[in-house]
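The structure under discussion appears below in the form of structure tokens.
The values are calculated or read from the model by the stated rules, or taken from the named source; none is laboratory data. These numbers come from a predicted model, not from an experiment. Positions of Cβ are generated from backbone atoms using ideal geometry, with glycine treated the same way; all protein chains shown enter the neighbour counts. Just so you know, the surface numbers come from the protein's heavy atoms only, side chains and all, with ligands and any DNA or RNA stripped out. Shrake-Rupley method; radii C 1.70, N 1.55, O 1.52, S 1.80 Å.
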Amino acid sequence: MDDLTSTLALMLGAGWASGINLYAAVLVLGLLGASGYIDLPVGLAILSDPLVIAAAGLMYCIEFFADKVPGVDTGWDTLHTFIRIPAGALLAAGAVGGIAPGAEIAAGLVGGGLAAASHAAKAGTRVLINTSPEPFTNWTASIAEDLGVIGGILLALTHPAVFLAALAVFLLLLVWLLPRLWCGIRRVFGAIVRLFRGERTSGDPPVGGAGPPGNGPPPAPPATG
């Protein structure tokens, strides 16, 4: 039972963390495996390769700075929609590697879905945060995400049952949060579209059009023969 709980926590933790910060998740797992702190499953043993650790470390450093610049972070998240979700599926499948092919496919589906959910929460939250003119909110959110990923991976490895309970709470909050994020994002993009179209708000005087009846010059008298 303990082995099943540990495997499940690692599988779900890898998928969840990949949707938020893939490179931090790979870097932490790789360093823990290379140092001998944990024995990675067969499907994830490649993460402890020095080349993988170096690549993950380099990409984490790039993301560390890109993730803290308003606007750049949203572009980075958009690009990584096509990277985090497949990678989350692969890591989750690797966490159960060697058990059975069916288990790997099921883990990949669940891990990819979980990565998509956490990625949507992060990217959507960043779009709303970017409406704030100051950068400190971005920095705080980014650092909190990095610490959350590192702490979440460590919690999944050391206290898998606690991690699973925390993940269940996260998913329940996500069900409540995502519709509200979507409404907020629609308002933000709607305002941007109206701004670029030059649409006026109600109460503004019309531009280049005729005024209301009675405000124009009087009509010319009819010509007499």
Original post:
For the stretch 72-169, what % of the accessible area comes from carbon and sulfur atoms, probe 1.4 Å?
Top reply: 82
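How about the stretch 1-98: which chymotrypsin sites (Phe, Trp or Tyr not before Pro) there lie in a loop by DSSP and see at most 16 other Cβ atoms within 10 Å?
Passing sites in the stretch 1-98 are Tyr37.
Roughly how many Å² is the accessible area per residue of the stretch 1-78, as a whole number, for a 1.4 Å probe?
On the way: 3620 Å² over 78 residues.
Roughly 46 Å² per residue, with all protein chains present.
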Original post:
Which residues in the stretch 8-40 have a backbone N closer than 20 Å to a point placed 7 Å from the Cα of Ala144 along the Cα-to-Cβ line?
Top reply: 16-22, 24-25
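Compute the whole-percent fraction of alpha carbon pairs in the stretch 109-183 spaced more than 17 Å apart.
Numbers: 1485 of 2775 pairs.
Across the stretch 109-183, Cα pairs with separations above 17 Å total 54 percent.
Compare the peptides 103-116, 164-177 by average per-residue count of other Cβ atoms within 10 angstrom and give them in order, highest first.
Details: 103-116: 20.8, 164-177: 13.1.
Order by mean packing, descending: 103-116, 164-177.
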**OP:** Pull out the extension gain between Arg197 and Thr131, defined as 0.36 nm times the separation in residues minus the alpha carbon to alpha carbon distance; nm, one decimal.
**Re:** 21.9 nm
